[in-house]
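None of the figures in this text is laboratory data; all of them are computed from the coordinates on show. Remember, it's a predicted structure, so these values are computed and weren't measured experimentally. Note that we place each Cβ from the backbone using ideal geometry, even for glycine, and neighbour counts take in every protein chain shown.
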Amino acid sequence: MALILTNFLKAIEALERSLKANEDASHLALSSEIIESIRAGVIQNFEVCYEQAWKMMKRWIENHIGSNYVDGVTRRELFRVAAENRLITDVELWMGFHSSRNETSHTYDQATANEVFSDAKPFLAEVKSLFDTIQSRND
């Protein structure tokens, strides 16, 4: 059964738009409050996109490999199975994204925000690749 990818794609597009807005804002003389708000939007979109990504990995594995491979497993194990099935290429990179996502839900200070923000751009490239892979193998 094919997975519905609409919400996953919308989350990716929202992250991409917020990163573009941040890039555009860096060329303008905007107040620090506005820049901080744009960055907060990037972080929020990163969170949503990350959640969509790992859940989509899990659904794809359940549908194509079997639910016994992902029921009750750790995130590291999920990423390992995803890598074995060529959905992602780097388990440790995805564990880093997972760590960043966890940081946003447990602590929120400027240093944490800066760390998560710095992960958003490389995450976008990885999540787009994941989407393309799932879309091409979505039967």
- Residue list for region 1-20, given a label point 7 angstrom along the Cα-to-Cβ vector of Gln44 and an amide N cut-off under 17 Å: 10-20
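Taking 0.36 nm per residue of sequence separation and subtracting the Cα-Cα distance, how much length would be gained by fully extending the chain between Ala83 and Ser67, in nm to one decimal? Intermediate results must be reported in sequence, preceding the final value.
Values: separation 16, 0.36 × 16 = 5.76 nm, distance 1.62 nm.
Residue separation times 0.36 nm, minus the Cα-Cα distance, leaves 4.1 nm.
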- Please give the length that would be gained between Leu9 and Asn102 if that part of the chain were fully extended, namely 0.36 nm times their separation in residues minus their C-alpha to C-alpha distance (nm, one decimal). 31.3 nm
- Item | Simple label model, 7 Å out from Cα along Cβ direction - Gln135 to Asn114, nm | 3.6
- Task: Sticking with the crude label model, points 7 Å out along Cα→Cβ, report the distance from Arg76 to Ser32 in nm, one decimal please.
- Result: 3.9
- The base-10 log of I(q)/I(0) that the Debye equation returns for region 26-139 at q = 0.13, 0.16, 0.18, 0.20 Å⁻¹, one scatterer per C-alpha, is -0.54, -0.75, -0.89, -1.04
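Among Met1, Met95, Met57, what is the fewest-to-most ranking by other Cβ atoms within 10 Å? Mind showing how you got there, number by number?
Working: Met1 8, Met95 15, Met57 24.
Going from least to most buried by this count: Met1, Met95, Met57.
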